[in-house]
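Scroll down for the structure; my scribbles are underneath it.
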Amino acid sequence: MLVDGFGRVGRDLRVSLTDRCNLRCSYCMPEAGLTWLPQPGLLTDAEVVRLVRIGVDLGIHSIRFTGGEPLLRPGLVDIISQTAALPNRPHLSMTTNGIGLALMAPDLKAAGLDRVNVSLDTLSPETFKQISHRDRLADVLAGLDAAAAAGLLPVKVNAVLLRGVNSGEAGALLDYCINRGFDLRFIEQMPLDPQHGWKRDEMVTADEVLELLRADRRIEPDPNELRGSAPAELFLVDGGPARVGVIASVTRPFCADCDRVRLTADGAIRTCLFARHETELRDFMRAGGDDVGLAALFRQSMLGKKRGHDIGDPEFAQPTRPMSAIGG
């Protein structure tokens, strides 16, 4: 198994397939000027599947394909199909901005994808364009409906509230998701922007999200929640059965129960979104490294996992890679 120095076991592997994206959300990427990873340095489809297989052999039981935007990866459907065919088949999900999902959802489901997380921060076309610098809200909404129709369930919606931009839409987003059977998760904005412009005092906190929701709904902790290593704290809406989640990575860190490991699109293992160190697998693999050696590198990386992300500590330093190059 992948065990770190604090006894946590890695069971959830987030696999970034590209750092490229067709949106430019302000909390993730600059509108222009971001340098992409060089194409020859990205893992090939076969290399991705090989490293995922080794991870599964080491006890990984959940794979989340991420980006950038994973739907931009030409070999996505084949990667999913090969991963779904592995012995001890892992649970397969994907985080996407939803653009292109309306066309691809049936093929993704047929290949073996179990469910999707779709980013949706606003229901206003104008605000969507302000946040993402693209006029693509209709495509995202169509992608959500297509995912549900294809059976990629549960469809989870990720929303980041930005003060003075979309922070007044918390209730509207919740109503939208409840009416369509989607699971909504509000995520605190994290210091992962390439501009390094994040400021804690400007972030909409989990407590503020709950306060906004309680203006129109009764929001109470779910007494039956078995959270485990899940990042979202769940709340009943008006007594249930509808629920809403809040992922308070900054103000209520859940590092003590973290079971996540990350594989970047260029073949490095990261044990935390905010890690300053990576373990390189690609070059070892391309130099002829065998599966035993790759598994040893997986384990070595996990042993170096820190106790927590240290946001708020005077010594905290934002990682050099932005979110789009790490994978969610």
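Any read-out appearing in this document is the output of simple, stated calculations on the displayed coordinates, not a laboratory observation. Only a predicted model underlies this, so the values are computations on that prediction, with no experimental measurement involved. Counting neighbours? That spans all protein chains shown, and the Cβs are built from the backbone with ideal geometry, glycine included.
Relative to the compact-globule scaling 2.2 N^0.38 Å, provide the ratio for the alpha-carbon radius of gyration of the stretch 137-254.
Normalised by 2.2 N^0.38 Å, the Cα Rg of the stretch 137-254 equals 1.08.
How would you order 41-54, 88-101, 214-227 from highest to lowest mean count of nearby Cβ atoms within 10 Å? All intermediate terms of the calculation are to be shown ahead of the outcome.
Details: 41-54: 18.3, 88-101: 21.4, 214-227: 12.8.
Going from most to least packed, we get 88-101, 41-54, 214-227.
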>> Residues of the stretch 123-154 with the amide nitrogen closer than 15 Å to a label point 7 Å from the Cα of residue 91, along Cα-to-Cβ, please.
In response: 152-154
> For residue 291 and residue 257, what is the calculated FRET efficiency with R₀ set at 30 Å and r taken between the beta-carbons, to the nearest 0.05?
Replying inline: 0.55
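Could you check what % of the DSSP bridge pairs in the stretch 12-326 are antiparallel, to the nearest 5? Write down the numbers at each step before the final one.
Numbers: 12 of 40 bridges.
Here the antiparallel bridges make up roughly 30 percent for the stretch 12-326.
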> Which whole-number percentage describes the relative contact order of the stretch 12-326, with Cα contacts under 8 Å and a sequence gap of 6 or more?
Replying inline: 20 percent
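Over the chain, how many pairs of lysines fall under 24 Å by alpha carbon, counting only those 8 or more apart in sequence or from different chains? Please report the intermediate quantities before stating the final value.
Working: 109/156; 129/156; 129/199; 199/306.
Taking the chain as the scope, the lysine pair count is 4.
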> Roughly how many Å is it from the Cα centre of the stretch 247-310 to that of the stretch 26-85, as a whole number?
Replying inline: 15 Å
> Which residue, 265, 232, 256, tops the fluctuation ranking in a GNM of the chain built on C-alpha contacts under 10 Å?
Replying inline: 256
> For volume of the Cα convex hull per residue in Å³, the listed values are (1) 113; (2) 130; (3) 185; which was obtained by calculation from the structure presented?
Replying inline: (2)
